[in-house]
Amino acid sequence: MQFRSTCSHKSPVSFKEAVLRCLPLDGGLYVPASVMDMRQFFLHMDSETSYPELVSTLAPLLLQGELNPFSASRVAESAFDFEPELKLLDERFSLLTLYNGPTGVFKDFGIVFLAAVLEELLKSNGRSMVLCATRSDTGASIAAAFRNRPGVTTVLLYPSGPIRGLDPATFVPNGGNIIPIQIRGTFDDCQRLVIETITDRPFAERYGVTSANAINIGRLIPQAFYYLYAFIRVKKNLIGDLYFSVPSGNFGNFIAGLYAWKFGMPVNGFIAAMNANNAFGDFIAGKVFVPHPVIFTKSPALDVTVPSNYERLASFYKEAPAVMRNMVYPASVTDAATLNIMEKAYKKYGVFLDPHSAVAFAAAEEIALRLDPLGHFVVLATGHPAREAALVKETTGQTIKVPYNLEQLHRQCDPIALIDPHLDALEGAIASCF
Ligand SMILES: *Cc1c(COP(=O)(O)O)cnc(C)c1O
């Protein structure tokens, strides 16, 4: 499969080039250039199929000519020492838990794959440097996925504020491959620096710079795999239609679901579950998208005004307007409904939900009632409930144990350098590490 820019159907590139370049030069984002039906390969898989098996079967088909079956197995084995889990709650609802990775969020799935596949793609020709703007947890997730992958230096750019969840033993001056740098500025400054660095060709060329932010297609494609995994587990229990409910902020998780459909997954609909920041629902409904000011909620990862995957969704809309209009259901969930369902899910099913997963659950309940009482709804549980232990306690009265890896996320550390938000300061700070 090749990849093209959202701005142009011309000159598609290979997966390797899309991952290493990260951004096309025309200012767009990379998206799959073709439809690929992999149905015949996953329809015979079943609940015995492990996640690494699924990934190592499908990845080489998807990336034919770039990732052979042997390399794909190596990638899957080295990336996934954790698996998603599909919990059947009743005839109408399942929970797809995606929080079993090193930092307890679904983002681990895309990030560990990107890290493992980069190492594999670079085996023959050298080094790469991965830049990532981060506020907190994603930095820890990237550091966990990239540690001990020696060909890939990883630079994390943090805005002012504490840095959490990193292990100083993994930093470059201590023999590791991670470089945390603090920027005197905001998260937006960090993001701008990442984009400037990867589009400033001489520096990017010299160090082989790419980004591990969600703009990299190498993080999105592997997220389609857990939808397929959910499908092969749930299919034997299906009597009616199948829907996925996805808590959506930057819509990376969501667009990965649409790609799973593109890869042949039989599915009837996707719920774009939002909190009060729901302006993007207008766009899905075919209206003009006018961003609203941000509203702060109990599900902060969904407090997004302009999704970073906006262009990918717009591009998908152009290709398949009927899918977007007839298969995508926007929903908006209040904080009160979020807390309410956290309590209800515990009382009714004995499961703990973090507030983001709760937004998806509440949206699924609402749409199930309105739309298809016989359908089956797979709710994506994107965050470990222990990450929001206080809210879980408040809503369910239960104290949950925080696993060791999540406890470590609170550990603070110092950056390697503190710099002004300028490209030359960044280049100097990076160069001084070698
Ligand atoms: C990032 C995040 C989301 C939102 O995912 P997007 O791909 O940005 O839509 C949902 N839940 C949790 C726990 C997250 O960390």
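The values are calculated or read from the model by the stated rules, or taken from the named source; none is laboratory data. Model, not experiment: these values are computed from the prediction. Cβ atoms come from the backbone with ideal geometry, glycine included; neighbour counts cover every protein chain shown. Calculation scope for accessible area: heavy atoms of the full protein, side chains included, ligands and nucleic acids excluded. Shrake-Rupley method; radii C 1.70, N 1.55, O 1.52, S 1.80 Å.
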| note | Looking only at lysines whose Cα falls under 21 Å of K236's and that sit 8 or more positions away or on another chain, we get K87
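Name the shape class, rounded, prolate or oblate, that the alpha-carbon gyration tensor gives for the stretch 51-146, where a ≥ b ≥ c are the square roots of its eigenvalues, rounded holds for a/c under 1.5, and otherwise prolate holds if a/b is larger than b/c and oblate otherwise. Each step should come with its number before you reach the end.
Values: a/c = 2.81, a/b = 1.29, b/c = 2.18.
Here the stretch 51-146 falls in the oblate category.
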| Counting only residues 5 or more places away or on other chains, whose amide H sits under 5 Å from the amide H of F171 once H atoms are built in the peptide plane? | G176, I178
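When a/c is below 1.5 the answer is rounded, else prolate if a/b is larger than b/c, else oblate, so apply that to the stretch 186-281 with a ≥ b ≥ c taken from the square roots of the Cα gyration tensor eigenvalues. The partial results should precede the final answer.
Numbers: a/c = 4.11, a/b = 1.93, b/c = 2.14.
Oblate, because a/c is 1.5 or more while a/b does not exceed b/c.
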| message | Considering only C-alpha atoms, what is the centroid distance from the stretch 30-92 to the stretch 192-240, in Å? | response | 14
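Efficiency by 1/(1 + (r/R0)^6): what FRET value for H422 and T186, r their Cβ-Cβ distance, R0 = 22 Å, to the nearest 0.05? Kindly include the intermediate steps, with their values, before the conclusion.
Values: r = 14 Å, r/R0 = 0.64.
According to the calculation, E is roughly 0.95.
Could you give the dipole magnitude of the chain about its Cα centre, charging the beta-carbon of Lys and Arg +1 and that of Asp and Glu -1, in debye to the nearest 20?
Values: 37 positive and 41 negative charges, 69 e Å.
Using only the charged Cβ atoms, the result is roughly 340 debye.
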| task | With label points built 7 Å along Cα→Cβ from the Cα atoms of A169 and R206, find their separation and express it in nm. | result | 3.3
| remark: Amide H neighbours of V378 at under 5 Å, excluding residues fewer than 5 places away on the same chain, with H built from the backbone geometry, are S94, Y243, F244, S245
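In nm, what is the difference between 0.36 nm times the number of residues separating S11 and A336 and their Cα-Cα distance? Let's see the in-between values first.
Values: separation 325, 0.36 × 325 = 117.00 nm, distance 4.88 nm.
Here the segment from S11 to A336 would lengthen by 112.1 nm.
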| query | Taking the chain as a Gaussian network, Cα atoms linked when under 10 Å apart, which of V379, V351, V234 shows the biggest mean-square fluctuation? | reply | V351
| request: Consider a paramagnetic label point 7 Å from the Cα of F82 along Cα→Cβ; state which residues of the stretch 284-323 have an amide N under 20 Å from it. | output: 300-302
| query | Using 17 Å as the cut-off for backbone N distance, which residues of the stretch 78-107 belong to the label zone defined by a point 7 Å from the Cα of K235 along Cα→Cβ? | reply | 86
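Quick one: of K235/K347; K16/K262; K16/K298; K235/K393; K348/K401, which pairs are farther than 31 Å apart, Cα to Cα? Write out the running numbers ahead of the final one.
Working: K235/K347 27 Å; K16/K262 20 Å; K16/K298 38 Å; K235/K393 34 Å; K348/K401 21 Å.
Beyond 31 Å between Cα atoms: K16/K298; K235/K393.
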| query | Hey, if you put +1 on the Cβ of every Lys and Arg and -1 on every Asp and Glu Cβ in the chain, which of L131, A364, S11 ends up farthest toward the positive end of that dipole? | reply | S11
| note | So for the stretch 1-105, using the alpha carbon gyration tensor with a ≥ b ≥ c as root eigenvalues (a/c under 1.5 gives rounded; past that, a/b versus b/c decides prolate or oblate), I'd call it prolate
| query | In terms of Cα to Cα distance under 20 Å, which aspartates and glutamates are near enough to K123, apart from those fewer than 8 places away along the same chain? | reply | E17, E66, E77, E205
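Using a 1.4 Å probe on the protein chains only, how many percent of the accessible area of the stretch 155-214 belongs to carbon and sulfur?
Result for the stretch 155-214: 52 percent of the exposed heavy-atom area is carbon or sulfur.
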| task | Provide the per-residue ³J(HN,Hα) series for the stretch 47-56, in order, calculated from phi with Karplus coefficients 6.51, -1.76, 1.60 and θ = phi - 60°, each as a whole number of Hz, with x at glycine and proline positions. | result | 5, 7, 6, 7, 5, x, 5, 4, 5, 6
| query | Using a simple spin-label model with points 7 Å from Cα along the Cα→Cβ vector, what separation in nm is obtained for S47 and H292? | reply | 4.1
| Accessible surface of the stretch 1-117, 1.4 Å probe, proportion on carbon and sulfur as whole % | 51
